[in-house]
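Student: I have a structure here, written as structure tokens, and I will follow up with some questions on it.
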Amino acid sequence: MRGEIALTLRAPLDRPVDASELGLTRAAELGAGEIARRTVRVAGAGPVPLGELFEVRGGGPGAERVRFAGDLGQVEGLGAGWEAGELLIEGDVGRMVGARMKGGRIEVRGRAGWGAGLDMAGGVLEIRGDAGPRAGGAPLGAKRGMSGGEILIRGSAGPEAGAAMRRGLVVVAGDAAEGAGRGTIAGTVVVFGAVGPAPGQWSKRGTIVALGPVEPGPTYRYTCTYRPEYLVLLLKHLAERRGVPAAARYLSGSYRRYSGDLAELGAGEILAWTPS
């Protein structure tokens, strides 16, 4: 790829590293020297130049991708505020990867910690492994979270995926733990595997699409069984544009619609796939 910036971890990290203020938000117009001089906060050591932790190569005008290599499970806030171009993380990454992301693409070829895509507004965040709690959710104590963009989790998701999201799309190819779509204002959560307890709890609006087993809570009411045409288009988009295969049975089957949460506005829904 033309103009790639490559950062390779020099040695295993033994303490948390806060990269949320790194200011690396796009893959363009940065040279290796400038990136190496930017600082991250290392627990117990204060600000540390990035070049002390990573070997930095490439960069310059026209860069299209930033690539990190190594076990970054201790690195928090990597890709915060990302705006344009591609950020590739070859390995696991810690908390809040892609937080406040606005555009472009971030791909994690491993697992992601708590709060992946937290407060995200745009772009595509793809996680090849599992994601920790609150992926695509809101910061703790905030009323609104994700407001746009797409999060693709090819593994399973921890509790409260899509919590308090206002807009956007969260897709979980595996299972989703307890509280998926909790407190949503709008937006869509699609789960191909099993959906854990209390999906859509306190949801005002929004949609949870359950392609695997799901048990709507007591504040949801069955309304009808039908085949939503927009869902067929969404699943085709995921298969053709995002490489998330949707079996033919999901395109031709019907969906049981449950409305709720009736303890709130009751304008949300759970669509549970059922064979025709």
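The values are calculated or read from the model by the stated rules, or taken from the named source; none is laboratory data. Just so we're clear, the structure is a prediction, and the values are computed from it rather than from any experiment. Note that each Cβ is placed from the backbone with ideal geometry, even for glycine, and that neighbours are counted across all protein chains shown.
Student: Just to check your reading of the model, which residue among 80, 43, 32, 28 is hydrophobic (A, V, I, L, M, F, W, C) and out of contact with any Lys or Arg (no Cβ under 7 Å at 6 or more places or on another chain)?
Tutor: Result of the check over 80, 43, 32, 28: 28.
Student: If we keep just the residues of the stretch 152-164 that are among the small types (Gly, Ala, Ser) and assigned to a loop (DSSP other than H, G, I, E, B), which is surrounded by the fewest Cβ atoms within 10 Å (Cβ to Cβ)?
Tutor: Step by step, filter the stretch 152-164, then rank; the result is 155.
Student: Can you pull out every residue in the stretch 31-64 that is under 26 Å from the mean Cα position of the chain (by Cα) and at pLDDT below 90?
Tutor: Matches in the stretch 31-64: 35, 63, 64.
Student: Taking into account only those residues within the stretch 234-256 that are surrounded by fewer than 14 Cβ atoms within 10 Å (Cβ to Cβ) and of a type in the set (Gly, Ala, Ser), which is nearest to residue 126 (Cα to Cα)?
Tutor: Applying the filter and picking the extreme gives 243.
Student: Here is a follow-up. With the stretch 208-276 as the region, which strands (runs of 3 or more DSSP E) entirely inside it contain at least 3 residues that are closer than 30 Å to residue 128 by Cβ?
Tutor: Because the criterion is at least 3 residues that are closer than 30 Å to residue 128 by Cβ, the strands (runs of 3 or more DSSP E) in the stretch 208-276 that meet it are 268-274.
Student: Separate question: Of the conditions (1) in contact with a strand residue (DSSP E or B) (Cβ under 8 Å, 6 or more places away or on another chain); (2) surrounded by fewer than 19 Cβ atoms within 10 Å (Cβ to Cβ), residue 208 satisfies every one except a single condition; which number is it?
Tutor: Failing condition for residue 208: (2).
Student: Moving on. Considering every residue within the stretch 227-236, establish whether at least one is of a type in the set (Phe, Trp, Tyr) and modelled with pLDDT under 95. Walk me through it before giving the result.
Tutor: To start, the set of residues in the stretch 227-236 that are of a type in the set (Phe, Trp, Tyr) comprises 230.
Going one step further and asking which of them are modelled with pLDDT under 95, we end up with 230.
Yes - at least one qualifying residue is present in the stretch 227-236.
Student: Which count do you get for residues in the stretch 192-233 that are more than 10 Å from residue 270 (Cβ to Cβ), polar (S, T, N, Q) and in contact with a Gly (Cβ under 8 Å, 6 or more places away or on another chain)?
Tutor: Here the count works out to 2.
Student: Which of (1) closer than 18 Å to residue 183 by Cα; (2) touching a Leu at 6+ places or on another chain (Cβ under 9 Å); (3) among the aliphatic types (A, V, I, L, M) is the odd one out, the single condition residue 106 does not satisfy?
Tutor: (1)
Student: Additional query: Touching a Phe, Trp or Tyr at 6+ places or on another chain (Cβ under 9 Å) and part of a strand (DSSP E or B) - does that describe any residue in the stretch 180-202? Write out each step before concluding.
Tutor: Going through the stretch 180-202, the residues touching a Phe, Trp or Tyr at 6+ places or on another chain (Cβ under 9 Å) turn out to be 182-184, 192, 199-200.
Then keep just the ones that are part of a strand (DSSP E or B); that gives none.
No; the residues of the stretch 180-202 include none that is touching a Phe, Trp or Tyr at 6+ places or on another chain (Cβ under 9 Å) and part of a strand (DSSP E or B).
Student: Right, here's the next one. Looking only at the stretch 144-151, decide whether some residue is small (Gly, Ala, Ser), modelled with pLDDT under 95 and assigned to a loop (DSSP other than H, G, I, E, B).
Tutor: Within the stretch 144-151 (the criterion being small (Gly, Ala, Ser), modelled with pLDDT under 95 and assigned to a loop (DSSP other than H, G, I, E, B)), the answer is yes, since at least one residue qualifies.
Student: Would you check if residue 203 is farther than 18 Å from residue 96 by Cβ, touching a residue at least 12 places away in the same chain (Cβ under 8 Å) and hydroxyl-bearing (Ser, Thr, Tyr)?
Tutor: Answer is yes for this residue.
Student: Which residues, taken from the stretch 28-45, are in a loop (DSSP other than H, G, I, E, B) and either under 13 Å from residue 17 (Cα atoms) or among the hydrophobic types (A, V, I, L, M, F, W, C) (or both)?
Tutor: 28, 30, 43, 44, 45
Student: For the stretch 46-97, which strands (runs of 3 or more DSSP E) that fit wholly inside it have 1 or more residues that are closer than 18 Å to residue 26 by Cβ and either touching a helix residue (DSSP H, G or I) at 6+ places or on another chain (Cβ under 6 Å) or in contact (Cβ under 8 Å) with a residue 24 or more places away in the chain (or both)?
Tutor: Where strands (runs of 3 or more DSSP E) fall fully within the stretch 46-97 and carry at least 1 residues being closer than 18 Å to residue 26 by Cβ and either touching a helix residue (DSSP H, G or I) at 6+ places or on another chain (Cβ under 6 Å) or in contact (Cβ under 8 Å) with a residue 24 or more places away in the chain (or both), they are 54-58, 65-69, 86-90.
Student: Scan 70, 103, 113 and give me the residue that is surrounded by fewer than 19 Cβ atoms within 10 Å (Cβ to Cβ), out of contact with any Cys (no Cβ under 7 Å at 6 or more places or on another chain) and not hydrophobic (A, V, I, L, M, F, W, C).
Tutor: Going through 70, 103, 113 in turn, the sole match is 103.
Student: Also, quick follow-up: Would you pick out the residues in the stretch 120-148 that are surrounded by fewer than 21 Cβ atoms within 10 Å (Cβ to Cβ), among the basic types (Lys, Arg) and within 22 Å of residue 244 (Cα to Cα)?
Tutor: 128, the sole residue that qualifies.
Student: I need every pair where a residue in the stretch 257-275 that is hydroxyl-bearing (Ser, Thr, Tyr) has its Cβ under 8 Å from the Cβ of a residue that is assigned to a loop (DSSP other than H, G, I, E, B), sequence separation at least 6 or different chains.
Tutor: Every condition considered, the pairs that remain are 258/216; 258/220; 259/220; 259/266; 259/267; 274/253.
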